[in-house]
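The next block holds one structure in the form of structure tokens; read it before the comments.
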There are 2 protein chains.
Amino acid sequence: MNRALLIVAHGSRREASNEEIRRLTERVRAEAGDSYHSVSCAYLELADPSIPEGIERCISAGAQEVVVLPYFLSAGRHVSLDIPQEVEKTQHKHPGVKIRIAPYLGGAEGIPGMLLDCVMEDRD
Amino acid sequence: MNRALLIVAHGSRREASNEEIRRLTERVRAEAGDSYHSVSCAYLELADPSIPEGIERCISAGAQEVVVLPYFLSAGRHVSLDIPQEVEKTQHKHPGVKIRIAPYLGGAEGIPGMLLDCVMEDRD
């Protein structure tokens, strides 16, 4: 199956922050190997592409399944309401494509260990 | 040496998000073992304790070194300017205490791998 991974970040008025997401996306693409036909990114607001645009690009490129991955730390309104609403707009137009939202980053099991790694990386 | 780890999050008007940080802090404390005399959290804005308050509590409890860990995904203004400014306020009052800021979470080497783990955790 042609599967696409779409990393969704908040988006920023600061272009360097949006660029940081694009660089992250390249690193994820490199690590993903052939698990996904494509790995791309989209933004909830303040930057392009939007989430519906990002999903449409995946579908235009042949994706039969799109996995939307919220690059967020908190299970707040953006993760619980806004992203599902944006996804639904596109799902409605493409009932034959499976679009699912993966757990947001902040809820990942490995976060505490990674925080301790952050401290160690810089240790004197 | 008595070392304290202070996890710094943005802070939210939504109390559940602040509570999520406190729960995360407990998990980090459990994983840290005896590496740190204390593991606590503080907020840049919108919630208590503030960063200066959080650092003062560590020092009052005997910390000789405080490691401030920014729980942020982007190297934006908060990470590059606001957190260092808040830290400096307290460092100025306690020149004998070593206060250092660890790399922010979003810059961690392991983030791409963890994002792929997020997708796998929920996979059908």
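The figures follow:
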| quantity | calculated |
| --- | --- |
| Test: residue in segment B:51-72 that is surrounded by fewer than 17 Cβ atoms within 10 Å (Cβ to Cβ) and under 28 Å from A:Val79 (Cα atoms) | no |
| Single condition A:Phe72 does not satisfy, out of (1) modelled with pLDDT of 95 or more; (2) farther than 24 Å from B:Ser17 by Cβ | (2) |
| Neighbours by Cβ (under 6 Å, 6+ apart or cross-chain): first from segment B:1-20, of a type in the set (Gly, Ala, Ser); second not in a loop (DSSP other than H, G, I, E, B) | B:Ala4/B:Ser38; B:Ala4/B:Cys58; B:Ala4/B:Val66; B:Ala9/B:Ile21; B:Ala9/B:Tyr43; B:Gly11/B:Tyr43; B:Ser12/B:Asn18 |
| Qualifying residue in segment A:89-102 (condition: closer than 22 Å to B:Tyr104 by Cβ and either among the charged types (D, E, K, R) or not in a helix (DSSP H, G or I) (or both)) | no |
| Selection status of B:Val87, buried (at least 16 other Cβ atoms within 10 Å of the Cβ), more than 14 Å from chain A (Cβ to nearest Cβ) and touching an Asp or Glu at 6+ places or on another chain (Cβ under 8 Å) | no |
| Test: residue in segment B:39-57 that is in a helix (DSSP H, G or I), over 28 Å from A:Glu19 (Cα atoms) and more than 15 Å from the chain's Cα centre (by Cα) | no |
| Count - residues of segment B:9-50 that are farther than 21 Å from B:Val79 by Cα and in contact with a Cys (Cβ under 8 Å, 6 or more places away or on another chain) | 1 |
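Rundown of residues vs (1) more than 12 Å from chain A (Cβ to nearest Cβ); (2) farther than 24 Å from A:Arg13 by Cα, yes/no style:
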| site | (1), (2) |
| --- | --- |
| B:His10 | no, no |
| B:Glu20 | no, yes |
| B:Glu26 | no, yes |
| B:Ser38 | yes, yes |
| B:Cys41 | no, yes |
| B:Ala63 | yes, yes |
| B:Val67 | no, yes |
| B:Pro70 | no, no |
| B:Gln91 | yes, yes |
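The values are calculated or read from the model by the stated rules, or taken from the named source; none is laboratory data. The shown structure was predicted, so the numbers you read here are calculated from the model rather than taken from an experiment. For neighbour counting, all protein chains shown are included, and Cβ atoms are generated from backbone atoms with ideal geometry for every residue, glycine included.
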